[in-house]
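This report concerns only the one structure given below.
The values are calculated or read from the model by the stated rules, or taken from the named source; none is laboratory data. None of the values given here were measured: they were computed from a predicted structure. All Cβ positions, even for glycine, are placed from backbone atoms using ideal geometry, and neighbour counts span all protein chains on display. SASA here: full protein model, heavy atoms, side chains in, ligands and nucleic acids out. Shrake-Rupley method; radii C 1.70, N 1.55, O 1.52, S 1.80 Å.
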Amino acid sequence: MTIKEEVKKPKHYLIKIKDRYIESKHIIEALISESRIVGTVAFWYGNAFKYITRMFKKHDDPVTDIDKAIECLLNIREIYTGKRHELKEVVEEDFRKEISG
């Protein structure tokens with residue numbers, strides 16, 4: 001792949017569906033256009049999807065992209081709840097709610 005091709009269509013953003021490759025940006029556009037997602041939430045949603053789809057392709061260690069996807073989802077959560085939490089706090093809060101009934 002040439003440098004120009006790598007810039008325009010990086011391999012780590014290609015998703016094989018059946019016998020053809022589709023760029024993740026086209027899937028993100030379709031998902032957003034068919035939903036109620038707009039504005040900043042659409043931005044974070046698209047980025048989370050992007051990081052999830054490339055996590056085993058771009059880096060040897062997928063943790064970087066996992067952490068980036070989680071950060072995007074936490075940003076969406078903050079928009080809806082008005083509160084900023086770290087992942088550990090979210091998991092602990094949900095766990096406490098679950099065990100308390």
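Points worth noting:
- For the range 68-101, filtered to residues that are among the acidic types (Asp, Glu) and under 18 Å from the mean Cα position of the chain (by Cα), the residue that is nearest to THR40 (Cα to Cα) is GLU78.
- Residues (within 21 Å of GLU78 (Cβ to Cβ) and surrounded by 15 or more Cβ atoms within 10 Å (Cβ to Cβ)) located in the range 27-48: ILE28, ILE32, ILE37, VAL41, ALA42, PHE43, TRP44, TYR45, GLY46, ASN47, ALA48
- Counted residues, the range 54-77 - those being open to solvent by 70 Å² or more (accessible area, probe 1.4 Å) and outside any helix (DSSP H, G or I): 5
- Here the range 8-21 is the region considered, the condition is being open to solvent by 30 Å² or more (accessible area, probe 1.4 Å) and part of a loop (DSSP other than H, G, I, E, B), and the residue that is farthest from ILE79 (Cα to Cα) is ASP19.
- Unique residue being open to solvent by 90 Å² or more (accessible area, probe 1.4 Å) and in a helix (DSSP H, G or I) when the list is TYR80, TYR51: TYR80
- Selection count where residues are charged (D, E, K, R) and touching a Leu at 6+ places or on another chain (Cβ under 8 Å), scope the range 47-95: 2
- Looking only at the range 83-97, and only at residues there that are open to solvent by 80 Å² or more (accessible area, probe 1.4 Å) and not in a helix (DSSP H, G or I), the one that is modelled with the highest pLDDT: LYS83
- Only listed residue being open to solvent by 90 Å² or more (accessible area, probe 1.4 Å) and either at pLDDT below 90 or among the hydroxyl-bearing types (Ser, Thr, Tyr) (or both), chosen from SER24, SER100: SER100
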